Each structure stands twice: as structure tokens, then as C-alpha cells.
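> If you scroll down you'll find the structure; I have some questions about it.
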Amino acid sequence: MPPQRRPSPPKSGGLSFSPSRIRHLLCDLGIHLRQTLIKARRRGEARLTQVAAVTAADTIYQIDRISEEAIVEWFEAHWPAAWPVQVVMEGVEEDEPLTFPLGTPVGSTRLKCILDPIDGTRNLMYDKRPAWGLAGIAVQRGEKTNLQNVFVAVMTELPTSNQGTVEQWSGILDRSERRGAASTFGTAVELHSGQTWKIAPRPSQADHCRHGFASLVKFFPEGKELTARIEERLWRELYGDDKGQGPLVFEDQYTTTGGQIHELLVGHDRFIGDLRPLVNRKLGVTSALVCHPYDICTELILRAAGGVVEHPLGGPVRVPLDTISPVAWVGYANQRLARKIRPVLRRILAAEDIV
């Protein structure tokens, strides 16, 4: 496969807006969300782990409700009225779309923003690992609006109670510069002092996964056996048997897609694959416990930093910006890893009749 192309710049159809300004707005939204959750935890708000609702996409916990309210509050107060936007996230009914300014007909919006207020809810509500607030925005094309249309993405770290420093990453495709140049921005914040500094992405430049972290997603019981078999065969075909000499490839099941993108972005992981929709289809399993478009809406950030995100069977990840579509994806820290792992993985999937 030829090198992955960067996404085409958005065509605004005459709409005057600033991608840079939108990036700053979504960064502010992420900071507001983070502060809201930190304050809720400090106040000792009860029952953050209580189930609030069960949707077609996922289980909604009380902590999710707090974040959703914070997002609506922020958009009402800060989103420019000149850029009417539809907001897509869990908790918003399909037949009652959420738009800003409030009440704007969807047909009159010019932008579409997809959000996951807390990606990794289970990590955060049990104070186990950080979660991530995710946001991606595209020019509104109605039902045709696709993940590949996202031209600004922001991911904000939502910390555990004993965490001192947090990160925020953003990516932008600016159509006004160099044929739509893509850029990645990073900021770290010391929570106690408020001190901030810039950080740079550092995806691994290794061309193999030996003695590094790489894995296929298998968070839940459904499909775990088949997925593990595929993974074991992948490493055996790529690197042979370790013959009892110790672990050859390390695994980390970080239960958040945004967190997985982060691990690839900063050099912790070299390869991650989420085959759940394909494996479930093969097994005849119906499960909402898969990746959805809002989980993967910040993949632009990794691609802008030189990583690769694609469908396991080939081509870019093209899914509508909704809350229900299942998403299969693979991420590589760099092009060399993709060129070496991609053909072997696809050959194994074909052998398992996974299409």
C-alpha cells in the first residue's frame, strides 16, 4: 500500500471560520470539562459510579451525566453564534439533535462536532487510570459527514486523584497553509501550580515490536479467544517463537480508545488493533461493547504526528459521525511498522475468514 495520505483540507463552501480559533475553543472546552470533574471529585459527590442509563452504544454512569451537563453549559456560554454547530455525543437523542445556538435547525448548522466527554469512564470512576475528553469537528455535510472530514481534534487528559501533571493534545488541518498542512500541538499542566509548558509528540521510530508494547484489543469476554489466537499467530509469524526466553511483545489493555491513541502518540506503544466489530460479526455476536466514532474522533492527532490509522482490511477509517456505528481500526506508530505488520495481519484475517 502506498504511504498514507494526509486528509484533504475542509471545504467551507464560503463559510468564514478559523480552524486555529476552533482548536483553541475546543481546548478551552476540554479544560472546562477537566476542572468540572476535578471539582466534583473534591466535593465528594456521591454515586459517581451509579448507572444513569443504558443506551444502544454504551452504559452511561452518573459521572458521564456531570460531564454532559458541563459541555452543554460551555457551548451555551462560549460557542460563537456565527458558527452554528451540531453537537453529537452520547446522551443526545437522535430525534432531538443538540445544536448551538440552542434551537438552531440542523440544516442551518455549518459545523458538526462529535464528542466523547469521558473516554475511559470506568478507569476514571474507579480512580484507576486517566480518562480522556475527546472532541473532533468537521464541516457539516449532514449524514454524509465522515470521520475523514474532521479537521480539528482535541484530546484532554482527565486525571486520577493522585495525578500531578496532565496533558492536552490537539491536531489541526489548516487549509490556508501548504495545501492543508496537518499539525499536532501538545501542552502539559502541573495541576497544583497551574504551570504549563509545550510538549512534542514522539511516536516510536522502531520498525518492529520486539520488547515493546503492542496488542489487539480484548477488554471484554466476547471474542477474546479468537482475538488472542489472531494476536498469537501475528507475533509468531512476524518474530518466531520466544522459546521460553521471556516476553517478546508486551501487552497493555488500556480501556479507552483515546488513551490508546495517546500511547501511540507519545511512544509508549508501537501497534494497537481493535478488531471487535469484525470478530463479533465472524462469531455472530451482537454487542455494543465496541469502538464508536466518538471514541476514535481524535485519530487526526496521531496521523498529523506521523502515525498511521487505518481500517484493518485496508483504507482509511470511514464512518459517519454518530454514536452507534461500530468501528474497527489499527494504529501504527510509524509507516515502517505499518508496512511490516499490515500484510501479515491481513493475511491472518483472511485465513480466519474475517472480512
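> State all residues of segment 17-34 that are touching a residue at least 60 places away in the same chain (Cβ under 8 Å), closer than 21 Å to Thr109 by Cβ and either open to solvent by 20 Å² or more (accessible area, probe 1.4 Å) or hydroxyl-bearing (Ser, Thr, Tyr) (or both); if no residue qualifies, say none.
Phe17, Ser20, Arg23
> From the set of residues in segment 83-97 that are at pLDDT below 95 and on the phi < 0 side of the Ramachandran plot, which is least open to solvent (accessible area, probe 1.4 Å)?
Met89
> Among residues belonging to segment 58-82 that are part of a helix (DSSP H, G or I) and at pLDDT below 85, point out the one that is farthest from Arg34 (Cα to Cα).
It comes out as Gln62.
> Can you pull out the residues in segment 100-128 that are surrounded by 20 or more Cβ atoms within 10 Å (Cβ to Cβ) and either among the basic types (Lys, Arg) or under 23 Å from Ser18 (Cβ atoms) (or both)?
Those that are surrounded by 20 or more Cβ atoms within 10 Å (Cβ to Cβ) and either among the basic types (Lys, Arg) or under 23 Å from Ser18 (Cβ atoms) (or both): Phe100, Thr109, Leu111, Lys112, Cys113, Ile114, Leu115.
> Also, I was wondering about something else. If you check Asp207, Asp127, which single one turns out to be charged (D, E, K, R) and at pLDDT below 95?
Only one candidate qualifies: Asp127.
> Would you mention how many residues in segment 17-57 are modelled with pLDDT under 85 and of a type outside the set (Ser, Thr, Tyr)?
Summing the residues that are modelled with pLDDT under 85 and of a type outside the set (Ser, Thr, Tyr) in segment 17-57 gives 17.
> Now, a different point. Would you point out which residue out of Ala153, Ala131, Ala188 is open to solvent by less than 10 Å² (accessible area, probe 1.4 Å) and more than 29 Å from Ser325 (Cβ to Cβ)?
That would be Ala188, the only listed residue that is open to solvent by less than 10 Å² (accessible area, probe 1.4 Å) and more than 29 Å from Ser325 (Cβ to Cβ).
Conditions (1) over 19 Å from Arg210 (Cβ atoms); (2) in contact (Cβ under 8 Å) with a residue 60 or more places away in the chain; (3) part of a helix (DSSP H, G or I), marked per residue:
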site	(1), (2), (3)
Ala288	yes, yes, no
Pro293	yes, yes, no
Cys297	yes, yes, no
Leu300	yes, yes, yes
Pro312	yes, no, no
Arg318	yes, yes, no
Leu337	no, yes, yes
Ile341	no, yes, yes
Arg346	yes, no, yes
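> If you check Val279, Val285, Val266, which single one turns out to be hydrophobic (A, V, I, L, M, F, W, C), over 23 Å from Met155 (Cα atoms) and open to solvent by less than 10 Å² (accessible area, probe 1.4 Å)?
Just a single option satisfies the conditions, and that option is Val279.
> Quick check: is even one residue across segment 235-247 basic (Lys, Arg) and either open to solvent by 70 Å² or more (accessible area, probe 1.4 Å) or at pLDDT below 95 (or both)?
Looking through segment 235-247, at least one residue is basic (Lys, Arg) and either open to solvent by 70 Å² or more (accessible area, probe 1.4 Å) or at pLDDT below 95 (or both).
> In addition: For segment 320-332, which positions are assigned to a loop (DSSP other than H, G, I, E, B), in contact with a Ser or Thr (Cβ under 7 Å, 6 or more places away or on another chain) and open to solvent by 10 Å² or more (accessible area, probe 1.4 Å)?
None; the set is empty.
The values are calculated or read from the model by the stated rules, or taken from the named source; none is laboratory data. Being a predicted model, the structure only gives us computed values, none of them experimental. Every residue, glycine among them, receives a Cβ derived from its backbone with ideal geometry; neighbour counts consider all protein chains shown. The accessibility values were calculated without ligands, DNA or RNA, using every heavy atom of the protein model including side chains. Shrake-Rupley method; radii C 1.70, N 1.55, O 1.52, S 1.80 Å.
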